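The values are calculated or read from the model by the stated rules, or taken from the named source; none is laboratory data. Keep in mind that what you see is a predicted model, and the values were worked out from it rather than measured. Cβ placement follows ideal geometry from the backbone for every residue including glycine, while neighbour counts extend to all protein chains displayed.
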Amino acid sequence: MSDKIDDAFMALAADHAARKSQHVADLFAADPNRFADFSVRLDDLLLDFSKCSLTGDTLAILIELAQAAGVEEKRDAMFAGVHINVTEDRAVLHTALRDTSTTPLNVDGQDVRADVAQVLADMARFAEGIRSGKLAGWTGKPITDVVNIGIGGSDLGPAMATLALAPYHDGPRSHYVSNVDGAHLFDTISPLDPASTLFIVASKTFTTQETMSNAASARAWLVEALGEPAVGHHFAAVSTALDKVAAFGIAPDRVFGFWDWVGGRYSVWSAIGLPVMLAVGPANFRRFLDGGHAMDEHFRSAPLAQNLPVLLALVGVWHRDVCGYATRAVIPYDQHLSRLPAYFQQLDMESNGKRVTLEGKPVAYDTGPVMWGEPGTNGQHAFFQLIHQGTSPIPVEFLIAAHGHNEDKDPLLKRQHAMLIANCLAQSEALMRGRTEAEAKAQLLAAGRDEDTADRIAPHRVFPGSRPSVTLAYDKLDPFALGRIIALYEHRVFVEGAIWGINSFDQWGVELGKELASTLLPAVESGTAPDSLSGSSAGLLQHLTAK
Ligand SMILES: O=P(O)(O)OC[C@H]1O[C@H](O)[C@H](O)[C@@H](O)[C@@H]1O
């Protein structure tokens, strides 16, 4: 870490220490412009971070920190195709997947623009064929159900986006199978008709154990019902490893490629998005890409102090490294975003859950926090107790649309959307404002409780307040808005990783478990624990394989 970065962190720590007992409500009282000063817009997308404990001075130091960490230079290197993923020696160019410009973009001597456009055109042709019924199943029945078999980045992105875009879903029904637990595949396909089912085998590497075993089982199910020759009509594949796909026996015109410069958790914009395109159609998929591109342009051009991904990241760094908060919750007040927390968990935690710098040295500051969440209002009735009154503050990221999709259909549904907004605002307001013991007691007395009871109960009804949250508000969750939100979070992860000096684009931490699982499979099947196994694992293996 450079001296300038250390200096900035030291200045932030001093600022935090000096204002530790300051209540955010007092910051609002002191500054009538606080909302305007601590919120930023990109068209209808508004990021409000005024309910966090930052002041203008804090923000100025955070911007210096971003400059000292070289965020702008690193961003430009990413967009230019420099191999910033140094441990895998790869460029990081998911942004190229949503860019329609024709200016050449050379990656390792190859202009990727034409490749991207070609795969998108192939996907659209295939999607239109399936959606129109022209590309039918083996017996001539049109495809009514699409089952995506993939895991991690080959599952979470398209599954999240398909659900998010449910109001635009006019293609075949979508299903997602990921878990190696055969129950996932079995429960999904049992009710389906093989003659009208299409499987998409989605795997960047085409070696992932879960996906390969689910694909083999799905193939066997299909062959048993329709015979071997039917396979070609009921399978498609998405991968960077085209040689391995060919070995699986999927016809080349049903194979959609992508490239090693697209990370798995950044791949929903690539052919991995095929099931989304099948669900909502190529035009809506294009709008999703356009939304991502709009955020890319903003990220590249807006000054740091007005840059949404940069500000979201700086607030994240403030909470993680200066305030010391170990987790952050993402709570979409949008039922269509109910898979967003799971998607963000991979995006954020697989990217920034790192303990060494780009140079392989231990990091000097805490890196990625635990990210978790559930949709609102459900979370309110489950874990919000701890967020309001637990001993460790948890920064919350609220997402809310000004308009729902159904509100024009029925006044009751319009009212429900108003209730959704009211609940979302109420939560962030309550977290920030809190309730003092005197207020709690006065309320109890007003409700007719006697003095002794009020004294006894009041401490339990105190909310400390000053609990941080940001709110991301948008007009309506359409494909464009979704693309913008996803790209915003991608770039936020990038900026945080750049400040911490880590590689946000590898994932070596998932390897050891995978290696051990493949060596343990024969032991589980034979019931004999290898000598190298710890007493615990050997004991468990014996217990699980005893009969
Ligand atoms: O797409 P695949 O090659 O099958 O990989 C699926 C997933 O598995 C891996 O273990 C990685 O941790 C993920 O980043 C990846 O998205």
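Going by the structure shown, is residue 310 outside the structural domain of residue 152 (by the TED database), assigned to a helix (DSSP H, G or I), out of contact with any strand residue (DSSP E or B) (no Cβ under 9 Å at 6 or more places or on another chain) and buried (at least 22 other Cβ atoms within 10 Å of the Cβ)? Spell out how you get there, then give the answer.
Numbers: outside the structural domain of residue 152 (by the TED database): yes; assigned to a helix (DSSP H, G or I): yes; out of contact with any strand residue (DSSP E or B) (no Cβ under 9 Å at 6 or more places or on another chain): yes; buried (at least 22 other Cβ atoms within 10 Å of the Cβ): yes.
For residue 310, the condition - outside the structural domain of residue 152 (by the TED database), assigned to a helix (DSSP H, G or I), out of contact with any strand residue (DSSP E or B) (no Cβ under 9 Å at 6 or more places or on another chain) and buried (at least 22 other Cβ atoms within 10 Å of the Cβ) - is met.
Do you know which residues across region 4-55 are closer than 21 Å to residue 312 by Cβ, out of contact with any helix residue (DSSP H, G or I) (no Cβ under 8 Å at 6 or more places or on another chain) and among the hydroxyl-bearing types (Ser, Thr, Tyr)?
Within region 4-55, 39 is the sole residue that qualifies.
Anything in region 123-173 that is away from the ligand (no atom under 16 Å from the Cβ) and polar (S, T, N, Q)? List them, or say none. Break it down into steps so the answer makes sense when it comes.
Initially, region 123-173 is screened for residues away from the ligand (no atom under 16 Å from the Cβ), giving 123-146, 162-173.
Matches in region 123-173: 132, 139, 144, 162.
Identify, from the list 443, 416, the residue that is out of contact with any strand residue (DSSP E or B) (no Cβ under 7 Å at 6 or more places or on another chain), of a type outside the set (Phe, Trp, Tyr), assigned to a helix (DSSP H, G or I) and under 25 Å from residue 466 (Cα atoms).
On inspection, the qualifying residue turns out to be 443.
Could you tell me whether any residue of region 494-507 is within 24 Å of residue 431 (Cβ to Cβ), among the polar types (S, T, N, Q) and not in a helix (DSSP H, G or I)?
No, region 494-507 has no match at all.
Let me spell it out: the conditions are (1) modelled with pLDDT of 95 or more; (2) not assigned by the TED database to the domain that holds residue 42, and residue 253 meets all of them except one. Which number is the exception?
Unmet condition: (1).
Of the conditions (1) buried (at least 21 other Cβ atoms within 10 Å of the Cβ); (2) not in a loop (DSSP other than H, G, I, E, B), residue 119 fails just one. Which one is it?
The failed condition is (1).
Could you grab the pairs with beta carbons closer than 8 Å, sequence gap of 6+ or different chains, first residue in region 210-225 and assigned by the TED database to the domain that holds residue 237, second one surrounded by fewer than 20 Cβ atoms within 10 Å (Cβ to Cβ) and outside any helix (DSSP H, G or I)?
Matching pairs, first to second residue: 210/179; 210/180; 213/180; 214/180.
Return the residues of region 193-212 that are away from the ligand (no atom under 12 Å from the Cβ) and either farther than 14 Å from residue 147 by Cβ or touching a Lys or Arg at 6+ places or on another chain (Cβ under 6 Å) (or both); say none if nothing qualifies.
Answer for region 193-212, where residues must be away from the ligand (no atom under 12 Å from the Cβ) and either farther than 14 Å from residue 147 by Cβ or touching a Lys or Arg at 6+ places or on another chain (Cβ under 6 Å) (or both): 195, 196.
Checking residue 174 against (1) among the small types (Gly, Ala, Ser); (2) touching a strand residue (DSSP E or B) at 6+ places or on another chain (Cβ under 7 Å); (3) surrounded by 24 or more Cβ atoms within 10 Å (Cβ to Cβ); (4) over 14 Å from residue 264 (Cα atoms), only one condition comes out false. Which one?
(3)
Name the pairs whose Cβ atoms lie under 6 Å apart, with the first residue in region 81-94 and within 23 Å of residue 355 (Cα to Cα), the second part of a strand (DSSP E or B), and 6 or more positions between them or separate chains?
The qualifying pairs are 83/90; 91/107; 92/85.
Has region 459-479 got any residue that is under 28 Å from residue 28 (Cα atoms) and free of Cβ contacts under 8 Å to residues at least 24 places away in the same chain? So that I can check it myself, show each step before the final result.
Taking region 459-479 as the starting set, the residues that turn out to be under 28 Å from residue 28 (Cα atoms) are 459-475.
After this cut, where a residue has to be free of Cβ contacts under 8 Å to residues at least 24 places away in the same chain as well, the list is 459-460.
Within region 459-479 (the criterion being under 28 Å from residue 28 (Cα atoms) and free of Cβ contacts under 8 Å to residues at least 24 places away in the same chain), the answer is yes, since at least one residue qualifies.
Mind checking whether some residue in region 518-525 is within 16 Å of the ligand (Cβ to nearest atom) and not in a loop (DSSP other than H, G, I, E, B)? Steps first, answer last, please.
To start, the set of residues in region 518-525 that are within 16 Å of the ligand (Cβ to nearest atom) comprises 518.
Among the residues that remain, those that are also not in a loop (DSSP other than H, G, I, E, B) are: 518.
Yes: one or more hits.
Out of the residues in region 129-168 that are among the polar types (S, T, N, Q) and assigned to a loop (DSSP other than H, G, I, E, B), which is farthest from residue 280 (Cα to Cα)? Can you show your working first?
Here is the first cut: in region 129-168, the ones among the polar types (S, T, N, Q) are 132, 139, 144, 148, 154, 162.
Imposing the further condition that a residue be assigned to a loop (DSSP other than H, G, I, E, B) reduces the set to 139, 144.
On the way: 139: 25, 144: 14 Å.
Here the residue is 139.
For residue 119, state whether it is closer than 19 Å to residue 251 by Cα, of a type in the set (Val, Ile, Thr), in contact with a Pro (Cβ under 7 Å, 6 or more places away or on another chain) and in the same structural domain as residue 254 (by the TED database).
Numbers: closer than 19 Å to residue 251 by Cα: yes; of a type in the set (Val, Ile, Thr): yes; in contact with a Pro (Cβ under 7 Å, 6 or more places away or on another chain): no; in the same structural domain as residue 254 (by the TED database): yes.
For residue 119, the condition - closer than 19 Å to residue 251 by Cα, of a type in the set (Val, Ile, Thr), in contact with a Pro (Cβ under 7 Å, 6 or more places away or on another chain) and in the same structural domain as residue 254 (by the TED database) - is not met.
If residue 217 meets every condition in (1) surrounded by fewer than 18 Cβ atoms within 10 Å (Cβ to Cβ); (2) more than 27 Å from residue 90 (Cα to Cα); (3) polar (S, T, N, Q); (4) within 12 Å of the ligand (Cβ to nearest atom) apart from one, which number is that one?
Tallying (1) surrounded by fewer than 18 Cβ atoms within 10 Å (Cβ to Cβ); (2) more than 27 Å from residue 90 (Cα to Cα); (3) polar (S, T, N, Q); (4) within 12 Å of the ligand (Cβ to nearest atom), residue 217 fails exactly one: (4).
Has region 447-456 got any residue that is touching an Asp or Glu at 6+ places or on another chain (Cβ under 8 Å), surrounded by fewer than 22 Cβ atoms within 10 Å (Cβ to Cβ), under 27 Å from residue 426 (Cα atoms) and not assigned by the TED database to the domain that holds residue 49?
In the first step, residues of region 447-456 are kept if they are touching an Asp or Glu at 6+ places or on another chain (Cβ under 8 Å); the result is none.
The answer is no, given that none of the residues of region 447-456 is touching an Asp or Glu at 6+ places or on another chain (Cβ under 8 Å), surrounded by fewer than 22 Cβ atoms within 10 Å (Cβ to Cβ), under 27 Å from residue 426 (Cα atoms) and not assigned by the TED database to the domain that holds residue 49.
When residues of region 222-274 are filtered for being assigned to a helix (DSSP H, G or I), crowded, with 23+ Cβ neighbours inside 10 Å and more than 14 Å from the ligand (Cβ to nearest atom), how many remain?
2
When the residues of region 193-214 are filtered to those that are part of a helix (DSSP H, G or I) and more than 26 Å from the chain's Cα centre (by Cα), which remaining residue is surrounded by the fewest Cβ atoms within 10 Å (Cβ to Cβ)?
For region 193-214, the residue satisfying everything is 196.
Among (1) touching a residue at least 24 places away in the same chain (Cβ under 8 Å); (2) surrounded by fewer than 15 Cβ atoms within 10 Å (Cβ to Cβ), which single condition is residue 544 missing?
Result: residue 544 passes all but (1).
Go through the residues of region 329-339 one by one and say whether even a single one is outside any helix (DSSP H, G or I), away from the ligand (no atom under 13 Å from the Cβ) and acidic (Asp, Glu).
The answer is yes, given that some residue of region 329-339 is outside any helix (DSSP H, G or I), away from the ligand (no atom under 13 Å from the Cβ) and acidic (Asp, Glu).
Which numbered condition in (1) touching a Gly at 6+ places or on another chain (Cβ under 7 Å); (2) farther than 23 Å from residue 347 by Cα is the only one that residue 291 fails?
(2)
Being within 26 Å of residue 281 (Cα to Cα) and within 15 Å of the ligand (Cβ to nearest atom) is the filter; apply it to region 174-192 and report the residue that is farthest from the chain's Cα centre (by Cα).
The qualifying residue farthest from the chain's Cα centre (by Cα) is 177.
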